[in-house]
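As structure tokens, the structure follows; a few thoughts come after it.
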Amino acid sequence: MENEMTLSFAAISENEALARMTLTFFVAPLDPTLEEISEYKTVISEAVTNAIIHGYEEQRTGIVRVHAILDGREVTVTISDEGGGIDNVEEAMQPMYTSKPERERSGMGFTIMESFTDNLTVDSRRGSGTTVTFKKKFSPVQEACSSVG
Amino acid sequence: MNYEPKGGIHMNHMTLAPGGIVIVRPAGELDHHTADSIKREVSRLIFGGKATGIIWDLGNLQFMDSAGIGLILGRMRDLGAVDGGTVILNPSPTMRKMFELSGLGSHLAEGTEEDAMKRLGGILHGK
Ligand SMILES: Nc1ncnc2c1ncn2[C@@H]1O[C@H](COP(=O)(O)OP(=O)(O)OP(=O)(O)O)[C@@H](O)[C@H]1O
Ligand SMILES: [Mg+2]
């Protein structure tokens, strides 16, 4: 199965659910397990929320762009913003690192993304935005009786 | 001790049980967009001086991202909670992984809300 999609939307928090839903629909033909889908949704939510909160500092005029490619049972998703960017990506990806502790952020977004994907890259420069790309492989479809463990 | 959740004050998806234990049952999807309203409600109880512990029953929650982690950690700070003022029930397998990654694994518990209240009561009274 091969497919491709692009979605652009305003940097407002309502659109986090829109991105999760659209990208879930995109992989639905692969019949992923419940757990695979919920991990995949979580990663999308983390990256889109980061673009809105950190990239655009919640300025609604910002545009978040999502691109996805389906190749066999693997999806590659790119989520990008043209916001403030990250000075030190390595530091930003450390567990518990957050630049907004006062906003109830836990600094776990990147750690969760890494743990729920097969591959994660972050490309960012101060002043020129951030691009997060991840790959996730879905397990082969199970036969009739369920596999939920 | 007889814990009777029905005797508590009912709000949206929140109960204040005897002993000052707040039971929060978020439903639907918990993300950056939806976390704020739950935060306001729980905080109101905490700063009203009524709450001593919180049980997060996630059985009706369909989705949660790191906003949920921030929400729970933030309320632990509000409580000034020594470890143990917080119990998390019924997370999905994905949520469980996130709690474990975030160092909240020790707050996960099996069993019912009543079991969790006993556990909290014991902790709060130093038993
Ligand atoms: N798109 C982005 N643009 C600018 N800075 C970013 C972006 N994404 C992440 N960052 C920076 O990286 C830090 C770490 O991100 P991460 O998602 O791990 O934690 P957080 O968003 O601060 O907290 P949490 O995700 O747990 O709510 C952020 O605090 C922010 O400084
Ligand atoms: Mg984040």
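The values are calculated or read from the model by the stated rules, or taken from the named source; none is laboratory data. Since we're looking at a predicted model, the values are computed, not measured. A quick note on method: Cβ atoms are made from the backbone with ideal geometry, for glycine too, and the neighbour counts reach across all protein chains shown. These accessible areas exclude ligands, DNA and RNA; they are computed on the full protein's heavy atoms, side chains included. Shrake-Rupley method; radii C 1.70, N 1.55, O 1.52, S 1.80 Å.
When you scan segment B:31-123 for helices (runs of 4 or more DSSP H) that lie fully inside it, which ones turn up with 3 or more residues that are of a type in the set (A, V, I, L, M, F, W, C) and more than 19 Å from A:ARG105 (Cβ to Cβ)?
B:35-47
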Sole miss for A:GLU91 among (1) farther than 19 Å from A:LYS137 by Cα; (2) at the interface with chain B (Cβ under 9 Å from one of its Cβ atoms) is condition (2)
Output the residues belonging to segment A:121-147 that are touching a residue at least 60 places away in the same chain (Cβ under 8 Å) and within 16 Å of ligand 1 (Cβ to nearest atom). A:GLY129, A:THR130, A:VAL132, A:PHE134
With the structure loaded, tell me whether A:GLU102 is at pLDDT below 95 and more than 9 Å from chain B (Cβ to nearest Cβ) or whether it fails that test. yes
Among A:ILE44, A:ILE37, which is the only one that is surrounded by fewer than 22 Cβ atoms within 10 Å (Cβ to Cβ), within 12 Å of another protein chain (Cβ to nearest Cβ) and either free of Cβ contacts under 8 Å to residues at least 40 places away in the same chain or in contact with a strand residue (DSSP E or B) (Cβ under 6 Å, 6 or more places away or on another chain) (or both)? A:ILE37
Could you list all residues from segment B:73-117 that are open to solvent by 30 Å² or more (accessible area, probe 1.4 Å), more than 14 Å from every other protein chain (Cβ to nearest Cβ) and at pLDDT 90 or above? B:ASN90, B:SER106, B:GLU110, B:GLY111, B:THR112, B:GLU114, B:ASP115
Just to be sure before I move on: is A:ILE86 within 14 Å of chain B (Cβ to nearest Cβ) and more than 15 Å from B:ALA67 (Cα to Cα) in the structure I sent? no
In segment A:1-34, how many are among the acidic types (Asp, Glu) and either within 20 Å of A:GLU57 (Cβ to Cβ) or facing chain B (nearest Cβ under 10 Å) (or both)? 2
Against the conditions (1) among the β-branched types (Val, Ile, Thr); (2) closer than 22 Å to B:SER37 by Cα; (3) in contact with a Leu (Cβ under 6 Å, 6 or more places away or on another chain), where does A:THR49 fall short? Just the number, please. (3)
What's the number of the condition A:THR117 fails, among (1) farther than 22 Å from A:HIS67 by Cα; (2) modelled with pLDDT of 95 or more; (3) within 19 Å of the chain's Cα centre (by Cα)? (1)
